Amino acid sequence: MIIIDIPGFRTLNLEHLVLDFNGTLAVDGRLLDGVESRLAPLANELDLHVVTGNTYGDARNHLRNCPVEILCLPATGQALAKGDYVRRLGPDRVAAMGNGRNDAFMLEQAALGIAVLGSEGLATDALEVADVVVRHAVDGLGLLLRPKRLIATLRC
């Protein structure tokens, strides 16, 4: 568990991190440099989940050495499925990270929604409901590894 007290925002009691794959952890279906090395220490604190539309069909292969639970979704209904997944985990215990339109519902449901503005872009639906925006998944994972960064961004 990661507990982060953010003045003027809320106290986060996080047990889960739900992640999108393509556009967030990966570009063109390939895991981004630096992601795997940050997932390992986070797995000591949080249960890690990758919930993906699996656009390129090989997310499981790219994540085989990562300490994550993987859920591959069918082509339709992904936004609702991702949001429902977060709800089943208990949204007040979840941080979520994504970039796509199909990630907006999970970002909105989660106690902490992190939108990623990477090279595949960031859907405005996801941008509008996120608590914080980062330029790269490594930066988003870094917020959880070094919570004072998150406190500095979200306090008021």
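Within region 61-72, the set of residues being in contact (Cβ under 8 Å) with a residue 12 or more places away in the chain and exposed (fewer than 14 other Cβ atoms within 10 Å of the Cβ) comprises 65, 69, 72.
Quick check on residue 125: is it under 23 Å from residue 39 (Cβ atoms), buried (at least 16 other Cβ atoms within 10 Å of the Cβ) and among the acidic types (Asp, Glu)? Against the criterion (under 23 Å from residue 39 (Cβ atoms), buried (at least 16 other Cβ atoms within 10 Å of the Cβ) and among the acidic types (Asp, Glu)), residue 125 does not qualify. When residues in region 2-31 are screened for being hydrophobic (A, V, I, L, M, F, W, C), in a loop (DSSP other than H, G, I, E, B) and over 16 Å from the mean Cα position of the chain (by Cα), 1 of them pass.
Set side by side, the residues 115, 40, 95, 104 differ, and just one is among the aliphatic types (A, V, I, L, M), assigned to a helix (DSSP H, G or I) and surrounded by 18 or more Cβ atoms within 10 Å (Cβ to Cβ), which is 104. Which number in (1) among the aliphatic types (A, V, I, L, M); (2) in a helix (DSSP H, G or I); (3) more than 20 Å from residue 10 (Cα to Cα) marks the one condition that residue 51 misses? Among (1) among the aliphatic types (A, V, I, L, M); (2) in a helix (DSSP H, G or I); (3) more than 20 Å from residue 10 (Cα to Cα), residue 51 violates only (2). Just to be sure before I move on: is residue 75 small (Gly, Ala, Ser), surrounded by fewer than 14 Cβ atoms within 10 Å (Cβ to Cβ) and more than 24 Å from residue 127 (Cα to Cα) in the structure I sent? In short, no. The set of residues in region 55-86 being assigned to a loop (DSSP other than H, G, I, E, B) and under 15 Å from the mean Cα position of the chain (by Cα) consists of 63, 66, 67, 68.
Quick note: the coordinates plus some simple rules give every number you see, no bench work behind them. The model shown is predicted, which means the values in this text are computed figures rather than measured ones. Cβ coordinates were reconstructed from backbone atoms using ideal geometry, including for glycine residues, and neighbour counts include every protein chain displayed.
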